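I have placed the structure first, in the form of structure tokens, so that the comments after it can refer back to it.
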Amino acid sequence: MEYESIPGHLILPYKLLKIAIYEESKSLFEDRPYILQTWKRDAYHLTEREIHHETPSNEMSPSFRALFFLFTQTIFFNQHVTKQMIQEAVTKHKDTIKILLAGHFIQEFPEEEVKRSINDEKISEALNREYIYSSMDIDYHLMRDIVTKKKVFQEGETGHMATQIIDNRGKIRGLAELRPHDTQVAELSSDQQEMWLELIESTLSSLDEMTADLFDLITYLWMVTPKNRDGYIEFHSNDALRLRNLKKRSSNGREIDFREEDRFNIMKRVAALSSIWVSMGEQKIKVINTQDMKDKELYKFKDFQKMFEIGKIRVAYDKKTGEAKGIYAVQVKPTSVLTPYLEGPNRSIGLLDLKVFQYSHFTQREQKRLTRYLNLQWKIRTVKRSLHQPFKVSTLLKVMDFSSRYNGVQIRDKFEGILDELQNDGVLKNWSYTEEIDEDKIGKRGWLKNYWEKLSIILLPTDLVIKENQKSLLEHASTPINQKMIELTGQVTSEEVPFFEWTQQETAASTETLTVSSEIKTEQQVFNLEDEVSISLTPETMRETIDSLGMSIRQSALEIGIAHTTLSRYIRRENKRQNKNNDEKMLNWLKEKAKSKTL
């Protein structure tokens, strides 16, 4: 029977149900032919076990098995399923489905999935429209700007590096302080510890315009991409590298991947963001030397809040040598010091031109700073209907923050050259002085401050910026993720991933490290139930029981009382050593399930 000829309201038997789930879901993963090839084989092939039991067998790929159980055990639990129901579910839950299967893909197809970001679609959308969304609140702008100014940090009376945060009217809004990340570093593996400490220790030197770019990118992704139950999103180094239009390495004319050095430069700045603690208003924002922080100092600054929390880190390992290559992705979320500017009825969201990411933080620092400032002002002025209100040259110079090594003529030339560049790049529509410049005054004593800096200039945004800023942006932009479905399936994050490592980092919590182990033989253990039914604790028994119950590994591990990664390794025979305590827990769980079947 041709798939198209299957009636939409026909209650599907197992054989057709598999096919329908594949055919209706494949459009979500058209860019991954290696996945669809595996799924098609699973969908159209029936094993002997499937024929007799009408349930997925162990031969089925974990991702397709997870997809099958997502429909049959979560979305349509205890329901007869039709083709039309599957079609409607895929349309409604497509983003959730992608999130739930991401971990399985990394596990099954490490060679292809290892460099993929879950945010690829959102990054592609941003590249196509040439802007992202950002908060246009003054306090947000000040907090972002402080991460660019490492040179203003000075050692204070307490011995810590600190600086004032001052608005453009000269009002002090706070201070800045750097704290060590709340990571239980001692419990990480040695290579992870070394990598993370390397990132943290470079914090002060990492404060620059690229760090501000990541500040904006992470908050943007947090507004528009799915979050897990703890409010974290996954940020991948690819997200920033793609927006910056960096070229990948190539070999024999074929693109390979981004350089590890470029990934490191991204991630050390993310570490820097997670180390800055803020407290706006009458309190202070400070940056502290990580090695000098003591418990009493942590207590002293207990009212401070870090800008960003880091959840888990993903470390890439060379599959041949097992050597750690670098941190590729992190779970991250802005804290409550930032979230009021990113969600809720009082937020102000505007456009941020992608050119700000593509200008060099080395050679085009002034272009980046002015682009951010103008995007902020254009949102404010669009709302106030004052787009033709001129800017003072002195105000723009302060924003751009030229080097003191330039003389007056050089500053004017660079200033006007940058405005021309922004106009040519489409960042602004046009610019002009409000009055003709008296060139006879240029070059005379005091001309820079007494004449030219006092001039006014009009900078107009493009029609697109005006049109978009007139809207209530991002009212419906959040990805509609079904959190209940995520909780039921328990597959938000990956299970154990070959050649990658997810390491949980939480304050006052134990750190669980997932490692890739060589395959070992698992000793079979046989136990007797009270009713004399013999139960064998083996990886095969665990897998068959889990599959027969239609449960995920995470759900099963939660019931057993062990980590889902431990259960996953056991089933795949990858545990390095036998753990009698875990064996007992798994056995007791098998007993309970076996008893419930006999009742």
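The values are calculated or read from the model by the stated rules, or taken from the named source; none is laboratory data. What you see is a predicted model, and the numbers here were worked out from it, not measured in a lab. In this analysis, Cβ positions are derived from the backbone assuming ideal geometry, glycine residues included, and neighbour counts consider all displayed protein chains.
What number of residues within the range 90-131 satisfy the criterion of being outside any helix (DSSP H, G or I) and farther than 16 Å from Phe235 by Cα?
3
Per-residue answers, yes or no, for (1) crowded, with 17+ Cβ neighbours inside 10 Å; (2) not hydrophobic (A, V, I, L, M, F, W, C); (3) not assigned by TED's automatic domain parsing to the domain that holds Leu67:
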| position | (1), (2), (3) |
| --- | --- |
| Glu544 | no, yes, yes |
| Ser548 | no, yes, yes |
| Ser552 | yes, yes, yes |
| Ser556 | yes, yes, yes |
| Ile560 | yes, no, yes |
| Arg569 | yes, yes, yes |
| Met586 | yes, no, yes |
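Does the range 424-463 hold any residues that are of a type in the set (A, V, I, L, M) and free of Cβ contacts under 8 Å to residues at least 24 places away in the same chain, and which are they?
Ile437 - this is the single residue of the range 424-463 that is of a type in the set (A, V, I, L, M) and free of Cβ contacts under 8 Å to residues at least 24 places away in the same chain.
Can you spot a residue in the range 110-126 that is touching a residue at least 60 places away in the same chain (Cβ under 8 Å) and under 22 Å from Tyr3 (Cβ atoms)?
no
Take the range 42-83 and flag every residue that is surrounded by fewer than 17 Cβ atoms within 10 Å (Cβ to Cβ) and assigned to a helix (DSSP H, G or I).
Tyr44, Glu48, Arg49, Ile51, His52, His53
Looking only at the range 413-443, count how many residues are part of a loop (DSSP other than H, G, I, E, B) and in contact with a helix residue (DSSP H, G or I) (Cβ under 9 Å, 6 or more places away or on another chain).
8
Could you check Ser134 against (1) in a helix (DSSP H, G or I); (2) of a type in the set (Gly, Ala, Ser); (3) modelled with pLDDT of 90 or more and say which number it fails?
Condition not satisfied by Ser134: (1).
Hey, any hits in the range 449-468 for a residue that's in a loop (DSSP other than H, G, I, E, B), at positive phi and not assigned by TED's automatic domain parsing to the domain that holds Leu342?
No, the range 449-468 has no match at all.
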